[in-house]
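Encoded as structure tokens, the structure appears first; notes follow it.
No lab work stands behind these numbers, since they all come straight from the coordinates. A quick note: this is a predicted structure, and the numbers were derived from the prediction, not measured. Heads up, the Cβs are rebuilt from the backbone with ideal geometry, glycines too, and the neighbour counts pull from every protein chain shown.
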């Protein structure tokens, strides 16, 4: 049977993982990494957001319909960012 | 006007009939059906085998769900509709915050140096602590939602109080941070002052900082108020007995507020800490 709810340990591990990622992102910010100083914090933030959505918000255990609605939010955010930045980032192109 | 009423009446009757049938099935030791399946899971803990014979008739009969609105076939359908609605609301929230994130991104791409300099003036000790506080509060909230599904009302109330307290801790720390920033002239406006090569766009960073953290703090405040109300309701009333959906949705909201902060934190505090 498909589990509809995680076991208690999942929450504890998820919380600890989030705190570790927080420590990692702060540590990485103080190391000189060039362009990765911008990329790494964003990737860590995406990972943390995914962990929260999948386990705390139970998306991992939810029906496909919830996935559709959750993805829709991210998808429309993508449209907002890509189209708008498509303008701002290409204004220098002549 | 007579016909619809009659239809409604018969629909209600048939639902009660279904419920009685399911309860009868439960008492006969049959595999629980439909909406009662979830309740059977809840009763014996998490994700038990569905073939577990029911042995507690009182909890089975109290599940004839009095909170079921007439437009839904069963409790599971009502629950799915409510959860879907919450995710839809959160999608609109993503776009609400998304506009501000877009503004931030565009300005940061145009004025990377000003943003890097301005970000060094933010108080990372406050921001880092607050990130940890919100993560811990989210973890506690997850356990509150779990306790609600297991019908342990006192534990739900206690965990919700802890969650709300951590939310208050977040707001107090944020308030101290705001006060310190005001005293350091980092509030955009007439008194704004910053030692930077491009003070005008460093001020834009702080304008976005106050806007985004302010609206986030508003969300935290709303969350704390709601969680406190829910905690009292769980403690005093039977509002969430066999009806944990509201707690579930409150949890979704609180976790979403946490996610927003997870993205705000690196964009505000970590732009340029090295070098």
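Spin-label model, residue B:70 to residue B:154: label points 7 Å out along the Cα-to-beta-carbon direction sit 4.0 nm apart.
With the Cα gyration tensor of the stretch B:123-247 giving a ≥ b ≥ c as the square roots of its eigenvalues, does the rule (a/c under 1.5 for rounded; else a/b larger than b/c for prolate; else oblate) give rounded, prolate or oblate? Let's see the in-between values first.
On the way: a/c = 3.59, a/b = 3.21, b/c = 1.12.
Cα axes put the stretch B:123-247 in the prolate bin.
Quick check: the angle from helix A:36-51's long axis to the longest principal axis of chain A, C-alpha only, nearest 10 degrees? Taking the Cα atoms of chain A, the angle to A:36-51 is about 30 degrees.
Sorting B:158, B:237, B:213 from the fewest to the most surrounding beta carbons within 10 angstrom yields B:237, B:158, B:213. Among A:32, B:174, A:63, the order by Cβ neighbours within 10 angstrom, fewest to most, reads A:32, A:63, B:174.
The helix-only estimate of mean residue ellipticity at 222 nm for chain A, built from DSSP H runs of length n ≥ 4 each weighted as -39500 (n - 2.57), is -23000 deg cm²/dmol after division by the residue total. In this simple spin-label approximation, residue B:121 and residue B:100 carry label points 7 Å from Cα along the Cα→Cβ vector, and these lie 1.9 nm apart.
This ranking places B:258, B:248 by how few other beta-carbon atoms lie within 10 Å of each, fewest first, which gives B:248, B:258. So how tilted is helix A:8-29 from the main axis of chain A? Cα-based, degrees 0 to 90, rounded to 10. Once rounded, the angle reads 20 degrees.
Obtain the radius of gyration and the Kirkwood radius of chain A from its C-alpha atoms and give Rg over Rh. If you can, show how the numbers build up before the last one.
Working: Rg = 17.5 Å, Rh = 16.0 Å.
A ratio of 1.10.
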